[in-house]
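Worksheet: one structure, shown below.
The values are calculated or read from the model by the stated rules, or taken from the named source; none is laboratory data. The model shown is predicted, which means the values in this text are computed figures rather than measured ones. Every residue, glycine as well, gets a Cβ built from its backbone with ideal geometry; the counts of neighbours run over all protein chains shown.
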């Protein structure tokens, strides 16, 4: 993602692996790997924001909720094709992301974290108030439901397309501007980069990615869009995924997505702790440990390993 | 920035700051008068105000914990509410084992202090100077971890904890529950004690110095690392007070009972100014009363309470990021 | 007789950049020692190496004890007060609280020290309730010095005390330092741009150049040295 396309070999390897997996895995495991694909899209989007413009967001679950509800409502009321709803979610979340990105310009660091946290908490409350349109606590049921394999295919196709899109955006002018803004706002402004434009744009793009992830997320829950599914934990998961991923590496984002997509499921049945509670204990512990051990995420680890091999 | 080069502009800037401070006090004064008149007019209003103040004191205490940590380490501790929840469960367990309420209360504060200090030493210190994102994520990890541990030990089900206060008394025709008066008294008492510790003791002075200018404090012989760890310990104590006092007002003890309170504590901290301890407490009280009146008189918008609190938060962040008392804090603790 | 402070082959670095390339110097008990040198020679770093605010290696002993790996707080507790360059005061705290911090490492009352300090800096007594941030730059420098005195150090590290001060105040400041040295036997290691003043006050001096000691001697010897005269005294 950083200028040149990562080695074609590794991309091909990932693509083949993902294409073959559904034929070898059980239905349950297929849905798990599809889950990873959904998080891949969301983490990729947040990576553009934090990695390339230096802003933080604890609120991307809100954009997933908006994307998911967009799709579910369109499907319920107009029986719209799911692919079309995905494009719609992308567009709506892009615009809303720009709108959120504008006030976010004035905030930084801890303050931006709080403001976006506010967003994540508030948005899932809205369906409770406008329950006739948005279904209240019961949620919205999409007209069409799809199989696990369909979701798997959709999630990873979206991942591929959006990864390519991110690469196209980031290798050119916009990408250079993003990196300049991240490294030094003052220097970027001094060299004529329209700071507010690019920061807002980064917010919009990452929100649009989250919106698409939200559509996939709703499909994966049998077409049900429910407020509880889009709680604060979802936003936190995306943020954790981006942190584990580190900056701008395909493998990093895969690792981050797998971390938040698989770990909670895998650790549901930890020996000693057992049952459901093991999930949070192991997940929380792993988050803390990974942050202590890998300050620059998985991408940083890879870079260090590469330097070691070369030396 | 360039306007500050002329002395006249500097004067004008100071004038605006002064005007801002006056506006804040007028606003607070106006709010207080409004509440007072309302309380005299209607007993229902008075009851809602008192219970709002009591709940708001708990928000304020939690907000103060957040502010202490933010000032000392510039970390926003997303795990603060869960830590408070966990310590409340510890108090519950101690009572189950046969301690009286107030024995358990005191023991829990001691445990909370050790817990908070240990957390800073073990997991926060290594990431503290790295980046805002790293520190936020570690605190988020702690959030999930603490939640998991409590669910593991006590289960997710509802528990009942005895309340230390019961009954009510009559004040000029207004029926005031002992519960609310007690909450208000205990929380504000603890806040005052913490304030006095910071204001009047050598240790408190060292903690303030360490938070303000760590390098200079170290040159004066202050063990900065320890001061920051103690700051986390004190914050955990304030959180425990908030949790134990907030619990009876919620009637039930569940692993999620502090999550909403954390949201309001964030709002309170931002309202008062993330750097302002006094502002956090005032902000907590204001939000408590406001939400209680809102829920009492406009029950149809109850589900909008949280979005509303955050619309306010967002507006403050945009209009005056330093909060109501942010400016004053620059020159005063 | 062993010196109060002794540095042997001390190196210090900021990240990958080495600022001191193995310097050795000594401060005898009860003397004032000046460190001269051009900008970037490592004068400030020398003081920071002693107080433990920079990463250093080599041997540093103070009153027979190795400062080795001690951090700044531990060094301060041994009786070394470091007044850093610029404002070492807490502008958000009151004058009294700043002075109280000076006595942070000491047990018991600091009233006697405060009274002594107030005789040297009477204005501090009147303004003890004021925030340090409201003092003028010169007054803040005095406050920083006063705070160091309350610490009752055996060794005072002074970094550019004259920086940004009016000449009258500079003279007053040096008078006080000399008086404390004569009356109470305070040892001082002072970094100063104004070589005239520094050599007047000091008994001994060192010239640092590019992280190494270029010259050492008594003040008279340094004043008589041609290169010192040309570079630092300007005649």
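Looking across region B:149-199 at every residue that is without any contact (Cβ under 8 Å) to a residue 60 or more places away in the chain and in contact with a strand residue (DSSP E or B) (Cβ under 9 Å, 6 or more places away or on another chain), the one that is farthest from residue B:42 (Cα to Cα) is identified as B:166. Taking residue A:119 as the residue in question, decide whether it is modelled with pLDDT of 80 or more, within 23 Å of residue A:205 (Cβ to Cβ), touching a helix residue (DSSP H, G or I) at 6+ places or on another chain (Cβ under 9 Å) and facing chain B (nearest Cβ under 7 Å). No, not satisfied. Identification of helices (runs of 4 or more DSSP H) wholly contained in region A:196-311 with 1 or more residues that are more than 12 Å from the chain's Cα centre (by Cα) and at pLDDT 85 or above yields A:232-245, A:250-266, A:277-293. The strands (runs of 3 or more DSSP E) falling completely within region C:169-235 that include 2 or more residues that are over 30 Å from residue C:140 (Cα atoms) and either free of Cβ contacts under 8 Å to residues at least 12 places away in the same chain or in contact with a strand residue (DSSP E or B) (Cβ under 6 Å, 6 or more places away or on another chain) (or both) map to C:212-218. In the set (1) touching a residue at least 60 places away in the same chain (Cβ under 8 Å); (2) closer than 21 Å to residue C:158 by Cβ, residue C:135 fails one condition alone, (1). The single residue among C:47, C:114, C:101 that is in a helix (DSSP H, G or I) and touching a strand residue (DSSP E or B) at 6+ places or on another chain (Cβ under 9 Å) turns out to be C:47. Against the definition (within 25 Å of residue C:197 (Cα to Cα), in a strand (DSSP E or B) and within 19 Å of the chain's Cα centre (by Cα)), how does residue C:156 come out, yes or no? The answer is yes for residue C:156. Of the listed requirements (1) crowded, with 23+ Cβ neighbours inside 10 Å; (2) out of contact with any strand residue (DSSP E or B) (no Cβ under 6 Å at 6 or more places or on another chain), residue A:32 misses just one: (1).
Looking across region C:217-231, the residues that are under 20 Å from the mean Cα position of the chain (by Cα) and either surrounded by fewer than 16 Cβ atoms within 10 Å (Cβ to Cβ) or not assigned by TED's automatic domain parsing to the domain that holds residue C:58 (or both) come down to C:217, C:218. Of all residues in region B:279-286, at least one satisfies being assigned to a helix (DSSP H, G or I), modelled with pLDDT of 90 or more and within 14 Å of chain A (Cβ to nearest Cβ). Could you tell me which of the residues C:85, C:11, C:29 is outside the structural domain of residue C:182 (by TED's automatic domain parsing) and touching a strand residue (DSSP E or B) at 6+ places or on another chain (Cβ under 7 Å)? Result of the check over C:85, C:11, C:29: C:85. Are any of the residues in region C:79-94 surrounded by 15 or more Cβ atoms within 10 Å (Cβ to Cβ), within 14 Å of chain B (Cβ to nearest Cβ) and assigned to a helix (DSSP H, G or I)? No; the residues of region C:79-94 include none that is surrounded by 15 or more Cβ atoms within 10 Å (Cβ to Cβ), within 14 Å of chain B (Cβ to nearest Cβ) and assigned to a helix (DSSP H, G or I).
Rundown of residues vs (1) within 30 Å of residue B:129 (Cβ to Cβ); (2) surrounded by 23 or more Cβ atoms within 10 Å (Cβ to Cβ); (3) within 14 Å of another protein chain (Cβ to nearest Cβ), yes/no style:
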residue: B:25; (1), (2), (3): no, no, no
residue: B:33; (1), (2), (3): no, no, no
residue: B:42; (1), (2), (3): no, no, no
residue: B:54; (1), (2), (3): no, yes, no
residue: B:58; (1), (2), (3): no, yes, no
residue: B:63; (1), (2), (3): yes, yes, yes
residue: B:77; (1), (2), (3): yes, yes, yes
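The criterion of at least 3 residues that are more than 13 Å from every other protein chain (Cβ to nearest Cβ) is met, among helices (runs of 4 or more DSSP H) falling completely within region B:160-276, by B:178-200, B:224-250.
Considered as a group, the residues in region A:291-309 that are within 10 Å of chain B (Cβ to nearest Cβ) and surrounded by 23 or more Cβ atoms within 10 Å (Cβ to Cβ) include one that is nearest to residue A:244 (Cα to Cα), and that residue is A:297.
Scanning region B:178-209 for residues that are crowded, with 20+ Cβ neighbours inside 10 Å and farther than 18 Å from residue B:64 by Cβ yields a total of 4.
Could we say that residue C:129 is modelled with pLDDT under 90, touching a strand residue (DSSP E or B) at 6+ places or on another chain (Cβ under 7 Å) and outside any helix (DSSP H, G or I) here? The answer is yes for residue C:129.
Within region C:31-66, work out how many residues are closer than 20 Å to residue B:218 by Cβ and under 17 Å from the mean Cα position of the chain (by Cα). Going through region C:31-66 one residue at a time, the tally reaches 13.
Is it the case that some residue within region A:98-105 is more than 14 Å from every other protein chain (Cβ to nearest Cβ) and either modelled with pLDDT of 80 or more or within 30 Å of residue A:52 (Cα to Cα) (or both)? Looking for residues that are more than 14 Å from every other protein chain (Cβ to nearest Cβ) and either modelled with pLDDT of 80 or more or within 30 Å of residue A:52 (Cα to Cα) (or both), one finds at least one in region A:98-105, hence yes. Of the helices (runs of 4 or more DSSP H) contained entirely in region A:41-159, those carrying at least 2 residues that are buried (at least 24 other Cβ atoms within 10 Å of the Cβ) fall at A:60-78, A:82-104, A:109-122. The residue list C:35, C:50 contains one member that is under 24 Å from residue C:165 (Cα atoms) and in contact (Cβ under 8 Å) with a residue 40 or more places away in the chain, which is C:35. Tell me, which residue of region B:147-159 that is assigned to a loop (DSSP other than H, G, I, E, B) and either over 20 Å from residue A:232 (Cβ atoms) or away from chain A (no Cβ under 14 Å) (or both) is modelled with the highest pLDDT? Taking the candidates together, the pick is B:158. Taking the listed residues A:73, A:43, A:84, A:95, the one that is over 9 Å from residue A:211 (Cα atoms), touching a helix residue (DSSP H, G or I) at 6+ places or on another chain (Cβ under 6 Å) and more than 12 Å from chain B (Cβ to nearest Cβ) is A:43, with no other qualifying. Of all the residues in region B:119-146, those that are part of a helix (DSSP H, G or I), farther than 14 Å from residue B:69 by Cα and more than 8 Å from every other protein chain (Cβ to nearest Cβ) number 1.
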